[in-house]
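One structure is given below, encoded as structure tokens.
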Amino acid sequence: MNGLLILDKPGGCTSRDVVNRVQKWFPRKTKIGHTGTLDPLATGVLVVCVGTATRLAEYVQAMGKTYAARFRLGAASSTDDADGEVVEQPGAEAVPCERIAAALASFQGTILQIPPAYSALKIDGKRSHNLARQGKEAPLAARPVRIDAIRMLHYDWPFVDVEIDCGKGTYIRSVARDLGEKLGVGGMVQTLRRTRVGPFSSDQGISWEATAAEAVERLLPPSAALTALPIVRIDAEQERRFRSGQALGRAAESAEPSAEGNGSEAAVFNERGNLVGIGIVAPRTIQPKIVLAA
């Protein structure tokens with residue numbers, strides 16, 4: 001009962017609701033954790049870690065993501081999406097397609113982005129969305145995020161359909177809001193679907209209505225969280241030492257692919273092909289960083 005479960009989240013529920021649902025599919029006291037919040041409005045890929053795989057959540061969180069979104073121009077929202085209080089922007093008129101395309105292109109690359117006030121980020125230990133609901137100002141600092149590509153798929157005023165490839169921590173609601181500000185007409189997210197997290201697509205996601213048997217059958221191995229890491233294979237004696245916290249000589253390293261550099265990470269597998277943990281590659285040793293239960 002250890003691994004990753006790819007779930008196709010429906011609209012109207014929180015990521016916490018998904019975790020609660022998944023907990024019912026697995027034995028009591030099984031550790032469950034999601035790897036990246038999706039807003040209640042949003043649907044699509046939510047990767048859930050089960051059992052010892054919860055220790056690998058950060059590696060899934062770091063994976064690139066793809067979103068399909070419909071932006072609504074000419075309006076703004078308290079939450080930057082259709083779930084909030086929507087206000088039509090007076091005097092907003094249709095914007096030429098060329099201007100929208102140019103504005104979207106300006107978001108590509110590493111940019112500074114201010115998260116929405118209604119977000120799970122913390123300010124002085126309190127959730128930003130809780131402060132916003134209390135009517136308190138919740139100033140969030142701009143932070144760097146990476147947007148690899150924005151593709152405009154369709155435009156019919158006031159709606160713009162886009163597909164966005166981005167890195168960890170990118171808020172699509174902020175992109176819609178900032179696009180509207182650039183164009184001077186206001187903007188918000190009307191619909192949002194996450195179609196990909198790393199190698200995991202929405203086609204792989206099980207339904208909210210799945211049974212416990214289906215969930216167990218669709219569980220991916222914990223190693224699926226580490227597809228971006230090089231691989232190290234070790235024998236039984238090396239595994240014993242690694243599990244006890246001892247560093248291994250670089251002779252343990254395999255060539256598929258090789259782990260290069262000082263301080264880089266590698267996924268460590270035993271002779272049976274099971275993931276043992278994650279090691280830190282030094283010039284002459286591999287030091288255990290994470291050791292999973294046998």
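Here's the yes/no breakdown for (1) assigned by TED's automatic domain parsing to the domain that holds A75; (2) surrounded by 15 or more Cβ atoms within 10 Å (Cβ to Cβ); (3) in contact (Cβ under 8 Å) with a residue 12 or more places away in the chain; (4) over 28 Å from V18 (Cα atoms):
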position	(1), (2), (3), (4)
L140	yes, yes, yes, no
P144	yes, no, yes, yes
I150	yes, yes, yes, yes
T170	yes, yes, yes, no
R173	yes, yes, yes, no
A176	yes, yes, yes, no
K182	yes, yes, yes, yes
Q204	no, yes, yes, no
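Filtered by the rule that a residue be touching a Lys or Arg at 6+ places or on another chain (Cβ under 9 Å), buried (at least 18 other Cβ atoms within 10 Å of the Cβ) and either modelled with pLDDT under 95 or of a type outside the set (D, E, K, R) (or both), the range 3-40 gives L5, I6, L7, S15, V18, H34, G36, L38, D39.
Yes or no: the range 205-225 includes at least one residue that is under 30 Å from L275 (Cα atoms) and under 14 Å from the mean Cα position of the chain (by Cα). The answer is yes; a qualifying residue exists. Scanning the range 1-44 for residues that are of a type in the set (S, T, Y) and within 16 Å of A225 (Cα to Cα) returns a single hit, T35.
Do we find a residue being more than 21 Å from P221 (Cβ to Cβ) and of a type in the set (F, W, Y) anywhere in the range 64-79? Yes, the range 64-79 contains a residue that is more than 21 Å from P221 (Cβ to Cβ) and of a type in the set (F, W, Y).
Scanning the range 184-202 for residues that are among the hydroxyl-bearing types (S, T, Y) and over 18 Å from V22 (Cα atoms) returns T191, T195, S201.
Could we say that S223 is modelled with pLDDT under 95, buried (at least 16 other Cβ atoms within 10 Å of the Cβ) and of a type in the set (G, A, S) here? No. Here A267 qualifies as at negative phi, at pLDDT 95 or above and surrounded by 20 or more Cβ atoms within 10 Å (Cβ to Cβ).
The values are calculated or read from the model by the stated rules, or taken from the named source; none is laboratory data. Everything numeric in this text was worked out from a predicted model, so none of it was measured. Quick reminder, even Gly has a Cβ in these numbers, built from the backbone with ideal geometry, and neighbours come from all protein chains shown.
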